[in-house]
Every structure is written in structure tokens, then in C-alpha cells.
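Just so it is clear, none of the values below were taken in a lab; they were calculated from the coordinates. Since this is a predicted model, take the numbers as computed values, not measurements. Please note: Cβ atoms are built from the backbone with ideal geometry, for glycine as well, and neighbour counts cover all protein chains shown.
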Amino acid sequence: MKSQEVVKMNEKYIMNTYGRIPLVLVKGRGTRVWDAEGKEYLDFVSGLAVNSLGHCHPRVVKAIWSQADTLMHVSNLYHIEPQVRLAKILVENSCADKVFFCNSGAEANEGAIKLARKYAKENYGADKYEIITAKRSFHGRTLATITATGQAKFQQGFEPLPAGFKYVPFNDLEALEQAIGPHTCAVMLEPIQGEGGVYPANKEYLQGVAELCRKNNLLLIFDEVQCGLGRTGSFLAYQRYRVEPDIITLAKALGSGFPIGAVMAKEHAAKAFKPGDHASTFGGNPLACAAALAAVQVLLEEGVIDNARLMGEYFKAELTRLAEKHQRVEEVRGAGLMIGVELDGPGQEVVSRCQEQGLLINCVGGNVLRFLPPLIVSEKEINTAVDILDKALGG
Ligand SMILES: *Cc1c(COP(=O)(O)O)cnc(C)c1O
């Protein structure tokens, strides 16, 4: 089909929730994607931090083929090998002891919220239910997770919202300390805020938060749906901060393109879930787990995380160099290959000009260009992207 035709059918048959740009993608390999007319793009969006290993990584493709031909789905009434193998590798590479599998980031955060409430009620009484989250955060699009999200624009029109959430400014320890009250049961944060505009937490802040949680018997939940799984140069983002959360949520990059999410927890928290407390029909099915197992193995075995760290440093230095040249750039920030370039005005036009020149990036919060290249990206590809961005910013 021609691009025009797909765009027209989209308008006729698809609910208008995304405000899509008129670009139809048909094929991907490694760091590249192609549109319906055969034009090639360097993909620095990576399906929004999903395609960390690039498109169609051969080991992931092979795992999906082989599992699809053996057993795709059986329900969680039965034991399956790919699920326990995936849980084992996640536990062995984190501070968590147990895993629950689901299908998306929002669903993982819903599970984390339920687990935190159940844990608090069992251990500290019925009036412990409140979860403190950060302003500018993003935790998903279900009713509970838009409420956890500290941005009014995601909530408007969907009231009444579930009770029991409170918001504090990010990176402000004093504000958090003051917000803790008799009903508080948990604190939920992204170690690096993604959708809110790429804001990394300060080290002293996260360490202070962990200390406050310990003192007040609160569970600490890290939403690593975007920043986890190698993106920031360590397997999980919190590992660079020397703090340990009680609960971690994952999704985006977990299946390197195959939809899967996870709630991970330390034993004391995990055991609050008893049979019947939580479930998901598709959660952790054989096909999803086989894909994710291959993806995590590649991540850990093929030097991908080291590459993310090294290329992240290089990319950030190059972008900082560009920032000195272009007045419009206010700040370059981020960690590893999760980088934001804040402009002094709207960024969508820059995104469009990059696209014309064959580079896909996106824009968050209206004025922050976000770069989420595949973690297998090379120095040469970063140079290409920087040259295109240089031109798109006006010379
Ligand atoms: C994308 C994202 C989510 C939501 O994930 P979905 O799979 O879209 O439900 C939650 N938290 C963070 C930090 C995210 O970036």
C-alpha cells in the first residue's frame, strides 16, 4: 500500500488518540527503518525505548520463531519454562527476589500500586494506602496510573480519579519529607523521568528518598519502564545510584519489540501477593517470555550495556558541543542513551526537519528533543545524527 492510502484508512478506522505524523514505516533492521516509499531513516526513537537491540535482532527473531512453532500460550494455570528462566535472569541481575509478568508499563505500575497497598495494609493497618509520586512523572494511561502520573494534562476529562495519590516536586527531598503523612504507604519515582522531559534524579536525592522510606516504613517503587534494561548504561538505572528499591517495574525494552511488562519485588514485599490477588491472562506467556529471555541474554552477553554507556557519553559530549553553537539550545541532559535537548521554544519543527534528512527523533513536553537510539548504535551513526541535528537547528 502507498503511504497516502494507509494514512487515509487510519483516519477512517483508527481512534484519533495519537496525532500521528504522516509517515508509514514498513521495515526495520538494526538502527534503520524504511518507509512505504523505500526511504531510509536512522531510528533514534527506537519505538520509544523499546527496540534497544535495534530492529529484528537475529537472536530475538529466532527465539520468537522457535517458540511460536512450539507453544505460544497456555494460561497461567500451568507452569512454563520460558517464564521461570526469564524471572531467574532478572532476579540474578537486580536486587529483587520475585517477579510478576504482565503486558505493558501501565499494567506493571498497576501491579506495583496494588502490591504496595496490599503490603501496607497487611503490615501496618487498613489506613495505609497513599502513594507519593513526583510532578512531571509519567506512569501510564490506565485510571490508576494517570492518577499516579503527576501531570494534570493526562488526567483531565477522566475524573473521578482513584483516591490515594499525592505529588511532590522531583529532586526536592524536603518537599517529600513534608508530604509523608499517616496514610502514606509508598513512594513511586522514575530514576530518570522520561515523558516529563528527560530529568535525571540527583544521587543525593534518591539516596535521601530511600532513607526516608526506610525510616517511615514506606515501600520504594522505581518505575524503570523507560530507563531500565541498559538504557542508561547499567542493567537497571537505580544501580548507578547505590540505592535499592523494594519494587521495580519494567516493560518497554524487556521484549525488544515484543510486548511484555514485569513487576519485580524484594521478598518482604512480594509475599503480600497471595494466590488470587493479582493475575493477567496473557502475562508472561511462553512467546513473550521466550522473546524477552533472548533480549535480556543479548543485552547481558554481547556488551550492549557497555556500548550504551560509552556511546551515551560520546553522544552527550557531541550534543553539548552543538549546544554551544546554537543559541536555541538551553540544556543537554540525561544518562546513557536517554538524552534530552531542551530548546527555548517548540521542538516539533526541528523533529520534522530531522525526519526530512533521514533521522527519526521525537519531542516531549513541547520543547525537549528526546534521543533514544538503539543501544547498539555506533559512533559513526551518532556523528550522522549530530550533523543532521546541526542542520535542523539552523546551520
Ligand atoms: C511508557 C511508560 C509507561 C507506560 O508504559 P505503557 O507500556 O505505555 O503502558 C510507564 N512508565 C514510564 C516511565 C514510561 O516511560
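Kindly indicate whether any position in segment 70-82 is under 21 Å from the mean Cα position of the chain (by Cα) and either aromatic (Phe, Trp, Tyr) or under 17 Å from LYS252 (Cα atoms) (or both).
no
Can you pull out the residues in segment 55-94 that are hydroxyl-bearing (Ser, Thr, Tyr) and outside any helix (DSSP H, G or I)?
From segment 55-94, those hydroxyl-bearing (Ser, Thr, Tyr) are 66, 70, 75, 78, 94; that's our starting set.
Within segment 55-94, THR70, SER75, TYR78, SER94 meet the criteria.
Kindly indicate the residue of segment 177-203 that is of a type in the set (A, V, I, L, M) and closer than 16 Å to PRO245 by Cα and also nearest to the chain's Cα centre (by Cα) among those meeting that condition.
Step one: filter segment 177-203 for residues of a type in the set (A, V, I, L, M), giving 179-180, 186-189, 192, 198, 201.
Now restrict to residues that are closer than 16 Å to PRO245 by Cα: 186-189, 192, 201.
Working: ALA186: 20, VAL187: 18, MET188: 14, LEU189: 12, ILE192: 9, ALA201: 15 Å.
My answer is ILE192.
Could you say whether any residue in segment 84-100 is touching a residue at least 60 places away in the same chain (Cβ under 8 Å) and within 16 Å of the ligand (Cβ to nearest atom)?
Within segment 84-100, one or more residues are touching a residue at least 60 places away in the same chain (Cβ under 8 Å) and within 16 Å of the ligand (Cβ to nearest atom).
Under the condition of being part of a loop (DSSP other than H, G, I, E, B) and more than 11 Å from the chain's Cα centre (by Cα), which residue from segment 210-226 is farthest from ALA265 (Cα to Cα)?
To start, the set of residues in segment 210-226 that are part of a loop (DSSP other than H, G, I, E, B) comprises 216-218, 224-226.
If we keep only those that are more than 11 Å from the chain's Cα centre (by Cα) too, we end up with 216-218.
Numbers: ASN216: 19, ASN217: 16, LEU218: 14 Å.
Looking at the filtered set, the residue picked out is ASN216.
Determine whether ALA120 is part of a helix (DSSP H, G or I), surrounded by 19 or more Cβ atoms within 10 Å (Cβ to Cβ) and under 20 Å from the mean Cα position of the chain (by Cα). Explain how you work it out, then say what you get.
On the way: part of a helix (DSSP H, G or I): yes; surrounded by 19 or more Cβ atoms within 10 Å (Cβ to Cβ): yes; under 20 Å from the mean Cα position of the chain (by Cα): no.
Against the criterion (part of a helix (DSSP H, G or I), surrounded by 19 or more Cβ atoms within 10 Å (Cβ to Cβ) and under 20 Å from the mean Cα position of the chain (by Cα)), ALA120 does not qualify.
Looking at SER352, SER378, can you tell me which residue is among the polar types (S, T, N, Q) and in contact with a Ser or Thr (Cβ under 9 Å, 6 or more places away or on another chain)?
On the way: SER352 fails: in contact with a Ser or Thr (Cβ under 9 Å, 6 or more places away or on another chain).
SER378 is the lone residue from the list that is among the polar types (S, T, N, Q) and in contact with a Ser or Thr (Cβ under 9 Å, 6 or more places away or on another chain).
Can you name every one of the helices (runs of 4 or more DSSP H) wholly within segment 227-330 that holds 1 or more residues which are within 16 Å of the ligand (Cβ to nearest atom) and among the hydrophobic types (A, V, I, L, M, F, W, C)? Write out each step before concluding.
Values: elements: 267-270, 286-301, 304-325.
The qualifying helices (runs of 4 or more DSSP H) are 286-301.
Of (1) more than 21 Å from LEU337 (Cβ to Cβ); (2) touching a strand residue (DSSP E or B) at 6+ places or on another chain (Cβ under 9 Å); (3) touching a residue at least 24 places away in the same chain (Cβ under 8 Å), TRP34 satisfies all except one. Which?
Status for TRP34: all satisfied but (3).
Table: residues versus (1) out of contact with any Asp or Glu (no Cβ under 6 Å at 6 or more places or on another chain); (2) surrounded by 23 or more Cβ atoms within 10 Å (Cβ to Cβ).
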position	(1), (2)
GLU267	no, no
LYS274	yes, no
ALA294	yes, yes
GLN297	yes, no
